[in-house]
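Participant: Below is the structure I would like to discuss, written out as structure tokens.
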Amino acid sequence: MKYILCLFLTLALVACGNRSDAQTDNASQEQSSAEPEETNLVAYPGRDIRYSAKFSDRNAKHLQAARAIGLNPTPKDRQAAAHSKKHLRLVKTGRNYIVDSLTHSVPYLVPAAAKRLDAIGEEFADILQRNNLPHYRFHVTSVLRTQEDIRSLQKSGNYNSVSNSAHCFGTTFDISYTSYDKVTRTHDYMTPENLKLVLGQVLLNQQREGHIYVKYEYKQACFHITTRN
């Protein structure tokens, strides 16, 4: 009887030990799958940019480019925009940028503008990689707007939304300069202000090469961008 009791106690201790080991293993796996703590601040060593001075292309320039390569006619409402989709390309979240939940626009651009957005994303990622910095994605906050969307924005108090907007032609998109999403799981991290400098350098390059017009929107915290080719 004593032998059976000892055997039972031994088996119980072994079982408890196995459960403890399993719990430890599970805890280790959960810890390893968690995001590493961001403890090492790193930075892009680019020169400061006077954004409002460098990116001051007026609405007339944006409109001129938009009319040259954009939708004609521009869509009055979402139903009309749906009929124009054969001339547009869907813009969606990918490796280099995130398309936000859009409330006053639809995620479509004419092919030339969609290609330019991709090029901006690729150059943004390339600068980060060449400087051994973490990979981040920027946020696209507005894309194709219908006339109905413009009126809704104006009623909400957004007075940057002029009735004659380049957004209506599918050639124009807004990129936030305050919101970024870190992709790489490392201890290194960057500040939004420094990532804004990286994005600003990309836009300066694209602007100097004659690919885009850019307006720095202070109140809306975005770069308003129209493709030219």
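No value in this document is a laboratory result; all are computed from the given coordinates. Everything numeric here is computed off the predicted structure, so don't read it as measured data.
Participant: Starting at the first residue of segment 124-137, write each ³J(HN,Hα) from the Karplus equation 6.51 cos²θ - 1.76 cosθ + 1.60 with θ = phi - 60°, in whole Hz, x for Gly and Pro.
Facilitator: Once θ is set to phi - 60°, the couplings for segment 124-137 become 4, 5, 5, 4, 4, 5, 5, 9, 6, 10, x, 7, 10, 10 Hz.
Participant: Here's a follow-up. Under the Karplus relation 6.51 cos²θ - 1.76 cosθ + 1.60, θ = phi - 60°, what is the ordered set of whole-Hz ³J(HN,Hα) values for segment 92-107, x standing for Gly and Pro?
Facilitator: Working through the residues one at a time gives 9, 4, x, 5, 10, 8, 10, 8, 5, 5, 8, 10, 10, 7, 10, x Hz.
Participant: If you don't mind, another one. Within the P(r) computed for segment 41-227, what percentage of the Cα pairs occupies the region above 26 Å?
Facilitator: Percent of Cα pairs beyond 26 Å in segment 41-227: 28.
Participant: Using θ = phi - 60° and the Karplus curve 6.51 cos²θ - 1.76 cosθ + 1.60, what whole-Hz ³J(HN,Hα) does each residue of segment 55-67 get, with Gly and Pro shown as x?
Facilitator: 10, 10, 5, 6, 4, 4, 5, 4, 5, 4, 5, 5, 5
Participant: Using every alpha carbon pair in segment 63-171, what percent of pairs falls into each 5 Å bin from 0 up to the bin containing the largest distance?
Facilitator: 2, 13, 21, 21, 18, 12, 7, 4, 2, 0
Participant: I've got another one for you. Which entries of LYS85/LYS196; LYS115/LYS196; LYS61/LYS85 show an alpha-carbon separation above 28 angstrom in the structure shown?
Facilitator: Pairs exceeding the cut-off: LYS85/LYS196.
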